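Q: Sharing a structure below in structure tokens format, with a few things to ask.
The values are calculated or read from the model by the stated rules, or taken from the named source; none is laboratory data. Being a predicted model, the structure only gives us computed values, none of them experimental. Positions of Cβ are backbone-derived with ideal geometry, glycine not excepted, and every protein chain shown enters the neighbour counts. Protein only, heavy atoms only, side chains kept; ligands, DNA and RNA dropped before computing areas. Shrake-Rupley method; radii C 1.70, N 1.55, O 1.52, S 1.80 Å.
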Amino acid sequence: MAAPFSWIVPDPHGVYVKPADCWIDPSKAVAKALVTHGHADHARGGHGKTVATPETLAIMALRYRTGEGPDGGATRPVEYGETVRLDGGVDATYIPAGHVLGSAQILLEHAGERVVITGDYKRRADPTCPPFEVTPCDIFITEATFGLPLFTHPPIEEEMAKLLDRLAAYPDRCVLVGAYALGKAQRVIAELRAAGHTQPIYLHGAMERMCRLYEDFGVDLGELRLVSDHTKDDMRGHVVVCPPSALNDRWSRRLPDPITAMASGWMRVRQRARQRNVELPLVISDHADWGELTRTIQEVDPQETWITHGREEALLRWHQLHQRRARALAMVGYEDEDD
Ligand SMILES: [Zn+2]
Ligand SMILES: [Zn+2]
């Protein structure tokens, strides 16, 4: 009999599933990839075959600008809760991760052993995707982007209230929110709607197609308008959403005296807000904070935790203090740029 868990092989380029000869979120092109979600550091192009949720496949097709599968490779859509039988007697089940549209944890089962790879995840409610589901397993392979006790994300309602208060206080200006084009932008818009903001929201052109894709999958974002179709005066007293790179760009000169905001978990760190000249930092993250990470590990209660990327030292120490086994995988190429 093979040694326990010898079929699951951590590699700097992703998790390799030996009997199935496939990779989870590989950072290099491979013959067969199981992809957790559409952020670029997890969903690289060029794979022979990509297995992912229909939403993630659509996001990849949009980003790699191909008609069908990413880079024209073969695709296998998997719905949440669906199990696919891979080669070598490995079953893969896709389970909501609560991170962005289409994001999934992948449960692998082989020889009576259960391994969950979370991809990126959070535990807070998000109107744009179904919530993370706790899935018991033997090995829990988790991210740790915000794996330090200082990272506690505030309730999103507080951050939305800050944004709307500022908007109301300056009716002749606009609030320009920098947000990543996949996930954060749509979540901010959906949360503004949930907070009762029914006014049109203006978009930088780079956000349009991803917002339309969310709408195609049934996420209601209310009335969206393109900045390029409107005058400065039209946008006074309104919210404008742009990619973070456009915040201090020439592009923003067409806006009415923008108050610059940025929606990111990193806005907890003052220096990061200063670097981007952000007047209104909004601490909004699509990753688990310290409390969510440690609560999740307790709820999943695995024999062992493997940490893919992020700040692993404090989380390793936490495992020691709680008599839990853990190891850091030191994977390369997973930037936390998406938050
Ligand atoms: Zn991500
Ligand atoms: Zn990531």
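Q: Nearest 10 degrees is fine. How inclined is helix 312-321 to the longest principal axis of the chain, computing both from alpha carbons?
A: The angle comes out near 60 degrees.
Q: A further question on this structure: If one puts a single equal scatterer on every Cα of the chain and applies the Debye formula without solvent, what log₁₀ I(q)/I(0) results at q = 0.10, 0.14 Å⁻¹?
A: Rounded to two decimals, the profile gives -0.59, -1.09.
Q: What is the magnitude of the charge dipole of the chain about its Cα centre, with +1 placed on the Cβ of each Lys and Arg, -1 on the Cβ of each Asp and Glu, and no other charges, expressed in debye to the nearest 20? Working shown, then result.
A: Details: 38 positive and 48 negative charges, 176 e Å.
Computed about the Cα centre, the dipole is about 840 debye.
Q: Under a cut-off of 17 Å between alpha-carbon atoms, report the lysines in cross-link reach of LYS49, not counting same-chain residues fewer than 8 places apart.
A: LYS18, LYS28, LYS32
Q: Between GLU157 and ARG325, how many nm apart are label points set 7 Å from Cα along the C-beta direction?
A: 4.2 nm
Q: Related question: So which lysines pass the test for LYS162, namely a Cα distance under 29 Å, with those fewer than 8 places away in the same chain ruled out?
A: Result set, ordered by chain and number: LYS122, LYS184, LYS232.
Q: What Kirkwood hydrodynamic radius, in Å, does the range 156-283 give when the mean of 1/r is taken over all pairs of distinct Cα atoms and then inverted?
A: On the way: mean 1/r = 0.0695 Å⁻¹.
Hydrodynamic radius (Kirkwood, Cα pairs) of the range 156-283 is 14.4 Å.
Q: At 7 Å along the Cα-to-beta-carbon direction for both ASN277 and THR83, put a label point, then send me their distance in nm to one decimal.
A: With each label point 7 Å from Cα toward Cβ, the separation is 5.6 nm.
Q: First select every other residue whose beta carbon is under 11 angstrom from the beta carbon of ARG236; then total the charges, Lys and Arg +1, Asp and Glu -1. Walk me through the intermediate numbers first.
A: On the way: positive: ARG173, LYS232; negative: ASP172, ASP233, ASP234, ASP257.
With Lys, Arg at +1 and Asp, Glu at -1, the net is -2.
Q: Just to check I understand the Karplus step: with θ = phi - 60° and J = 6.51 cos²θ - 1.76 cosθ + 1.60, what whole-Hz values come out for the range 97-105, glycine and proline as x?
A: 10, x, 9, 8, 3, x, 5, 9, 8
Q: Once neighbouring chains are kept in place and the probe is 1.4 Å, which whole percent of the accessible area of the range 156-283 is contributed by carbon and sulfur?
A: Details: 2440 of 5750 Å².
The C+S portion of the solvent-accessible surface of the range 156-283 is 42 percent.
Q: Can you find, among ILE259, ILE59, PHE217, the residue farthest towards the positive end of the dipole of the chain? Put +1 on the C-beta of Lys and Arg, -1 on that of Asp and Glu.
A: ILE259
Q: Express in nm, to one decimal, how much length is gained between ALA206 and ARG270 on full extension, taking 0.36 nm for each residue of separation and deducting their alpha carbon distance.
A: Numbers: separation 64, 0.36 × 64 = 23.04 nm, distance 2.71 nm.
Stretched fully, the ALA206-ARG270 segment lengthens by 20.3 nm.
Q: I'd like the antiparallel share, as a percent to the nearest 5, of DSSP beta bridges with both residues in the chain. Please list the in-between numbers first.
A: Numbers: 22 of 59 bridges.
Here the antiparallel bridges make up roughly 35 percent for the chain.
Q: Helix 54-63 against the longest principal axis of the chain: what's the angle in degrees, Cα atoms only, rounded to the nearest 10?
A: So the inclination is approximately 60 degrees.
Q: For PHE151, list long-range residues whose amide hydrogen, built 1.01 Å from N in the peptide plane, is under 5 Å from its own amide hydrogen.
A: HN-HN under 5 Å from PHE151: TRP290.
Q: If you don't mind, there's one more thing I want to ask. Give the accessible surface of the range 156-283 per residue, rounded to a whole number of Å², with probe radius 1.4 Å and ligands, DNA and RNA excluded. Write down the numbers at each step before the final one.
A: Values: 5750 Å² over 128 residues.
Here the per-residue accessible area is 45 Å².
Q: Counting each DSSP H run of 4 or more residues in the chain as -39500 (n - 2.57), what helix-only mean residue ellipticity at 222 nm follows after dividing by all residues, to the nearest 500 deg cm²/dmol? Provide the component values of the computation, followed by the final result.
A: On the way: 7 runs with 71 residues, N = 339.
Mean residue ellipticity at 222 nm (helix-derived): -6000 deg cm²/dmol.
Q: Looking at the chain as a GNM with Cα springs under 10 Å, which of ALA273, ALA33, ALA195 has the largest mean-square fluctuation?
A: In the Gaussian network model the winner is ALA195.
Q: Could you tell me which residue out of PRO155, CYS242, ALA195 lies farthest along the dipole of the chain toward its positive end? Charges go on the beta carbon: Lys and Arg +1, Asp and Glu -1, centred on the Cα centre.
A: Going by the Cα projections, it comes out as CYS242.
Q: Moving on. Spelling out what I want: for every residue of the range 282-298, take phi, set θ = phi - 60°, compute 6.51 cos²θ - 1.76 cosθ + 1.60 (Karplus), and round to whole Hz; glycine and proline get x.
A: 10, 7, 10, 10, 9, 10, 4, 8, 4, x, 5, 4, 6, 5, 5, 5, 5
Q: Cα axis of helix 184-194 to longest principal axis of the chain: angle in degrees, 0 to 90, nearest 10?
A: 60 degrees
Q: Next up: Give me the Å³ per residue figure for the convex hull around the C-alpha atoms of the range 33-185.
A: 133 Å³
Q: Here is a further query. Expressed in nm², what is the orientationally averaged projection area of the convex hull enclosing the Cα positions of the range 128-217?
A: Details: hull surface 33.9 nm².
About 8.5 nm², averaged over all directions.
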